[in-house]
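One structure below.
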Amino acid sequence: MDQKPRFGLCVDPNLSWSGMVARFQRAEELGFDSVWDCDHFQQPSRPTGPYFEGWTLLAGLAAVTKTIRLGNLVSCNTFRHPALLAKEAITVDHISNGRLDFGLGAGWFVEEHERFGLGWPPPAELVQRFREAVEICDSMFRSELTSYQGKYYQLADAPCRPRPIQQPRPRFMLGGHRPRMLRIVAEYADAWNSFGTTEELRERNQILDEQCAALGRDPSTLSRSLYGWASIMPDDPWSSVDAFHDCIGRYREAGINEFIIDYPPDHQLDVLERVAADAIPGLRQA
């Protein structure tokens, strides 16, 4: 797998529709590899503010972009039955003409589940539900008919037509942090996504390498991606071009090769422009 660094932006869906369109199209114009929205029913850090639903929003944004890859970072498995999610993802893959990266995680925000009456499973159930969902989505992307008998999900010759534009399936970007989740990542993912300090990412990377080795998988075939924002990174990456270089360098030393960073606030857009024009092309060539 090509492990050259990749760069994306994540946009919280707390803007107006026109604001979301402007940011996604600007990410494309600036030459970023990917652009993402988030999957919540309320913004965790600002629950009283506006927030769009992620997949219907992504479908609209796929229709108003042309070349950039896009996805949901990452879908919360406890929000939707995996068969519905697979159909939604295939629809977006067609709207985008094969530009979808399929993001999926187990879920984490307890208060949100309680507010919306979704319930909150214990950790072991969350992980097992995630495994079953990954297996169902993988099968539905690859096959016209899927039967599945899991503990939590069951399908009986469920048809999935049309098939995705991307064959045999869209790129899987699976989120996870602990060994049982990383085992599923090692089995099924094309790319792994996590967040945290450089020390945390380095440790998780090592565990992921061990899980790949246990399965007989070459660890270099699995891309490693960071979802980053200013408060968890060594410095605010949008405070200056030098700060961007420093943050990327530290995480690359921890084994990360794909960087998806929150879109900066308006007062830092000049740094975004300079990073896109100067820093990223150099990092891609280095």
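Taking the stated definitions as given, is Ala158 in contact (Cβ under 8 Å) with a residue 60 or more places away in the chain and either surrounded by 13 or more Cβ atoms within 10 Å (Cβ to Cβ) or in contact with a Lys or Arg (Cβ under 6 Å, 6 or more places away or on another chain) (or both)?
yes
Filtering segment 101-121 down to residues that are out of contact with any helix residue (DSSP H, G or I) (no Cβ under 9 Å at 6 or more places or on another chain), of a type outside the set (Lys, Arg) and over 22 Å from Phe195 (Cα atoms), which residue is surrounded by the fewest Cβ atoms within 10 Å (Cβ to Cβ)?
Taking the candidates together, the pick is Gly117.
Every residue in segment 122-149 that is charged (D, E, K, R) and in contact (Cβ under 8 Å) with a residue 24 or more places away in the chain, please.
The answer is Glu125, Arg129, Arg131, Glu132, Glu135, Asp138, Arg142.
Condition check ((1) without any contact (Cβ under 8 Å) to a residue 24 or more places away in the chain; (2) among the basic types (Lys, Arg)) across all residues:
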{"residue": "Lys4", "(1), (2)": "no, yes"}
{"residue": "Asp12", "(1), (2)": "no, no"}
{"residue": "Gly19", "(1), (2)": "yes, no"}
{"residue": "Gly31", "(1), (2)": "no, no"}
{"residue": "Phe41", "(1), (2)": "no, no"}
{"residue": "Arg46", "(1), (2)": "no, yes"}
{"residue": "Pro50", "(1), (2)": "no, no"}
{"residue": "Ala62", "(1), (2)": "no, no"}
{"residue": "Thr65", "(1), (2)": "no, no"}
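So, in segment 207-247, exactly how many residues are assigned to a helix (DSSP H, G or I) and not charged (D, E, K, R)?
Going through segment 207-247 one residue at a time, the tally reaches 18.
Among the residues of segment 113-128, are any touching a Cys at 6+ places or on another chain (Cβ under 8 Å) and modelled with pLDDT of 95 or more?
So far as segment 113-128 goes, no, none of its residues is touching a Cys at 6+ places or on another chain (Cβ under 8 Å) and modelled with pLDDT of 95 or more.
Which of the helices (runs of 4 or more DSSP H) found entirely inside segment 46-163 contain at least 2 residues meeting this: over 20 Å from the mean Cα position of the chain (by Cα) and over 24 Å from Ile184 (Cβ atoms)?
Counting at least 2 such residues, we get 110-115.
How many of the residues making up segment 248-286 are part of a strand (DSSP E or B) and not charged (D, E, K, R)?
3
Hey, among the residues in segment 44-90 that are polar (S, T, N, Q), out of contact with any Asp or Glu (no Cβ under 8 Å at 6 or more places or on another chain) and buried (at least 19 other Cβ atoms within 10 Å of the Cβ), which one's farthest from Met173 (Cα to Cα)?
So, considering only residues that are polar (S, T, N, Q), out of contact with any Asp or Glu (no Cβ under 8 Å at 6 or more places or on another chain) and buried (at least 19 other Cβ atoms within 10 Å of the Cβ), the one farthest from Met173 (Cα to Cα) is Thr78.
Listed here are the residues, each with its yes/no results for (1) touching a Leu at 6+ places or on another chain (Cβ under 6 Å); (2) buried (at least 18 other Cβ atoms within 10 Å of the Cβ); (3) of a type in the set (A, V, I, L, M, F, W, C).
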residue	(1), (2), (3)
Leu222	no, yes, yes
Gly228	no, yes, no
Pro234	no, no, no
Cys247	no, yes, yes
Ala254	yes, yes, yes
Asp270	no, no, no
Arg274	no, no, no
Ile280	no, yes, yes
Ala286	no, no, yes
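The values are calculated or read from the model by the stated rules, or taken from the named source; none is laboratory data. Keep in mind the model is a prediction, meaning the values are calculated, not measured. Counting neighbours? That spans all protein chains shown, and the Cβs are built from the backbone with ideal geometry, glycine included.
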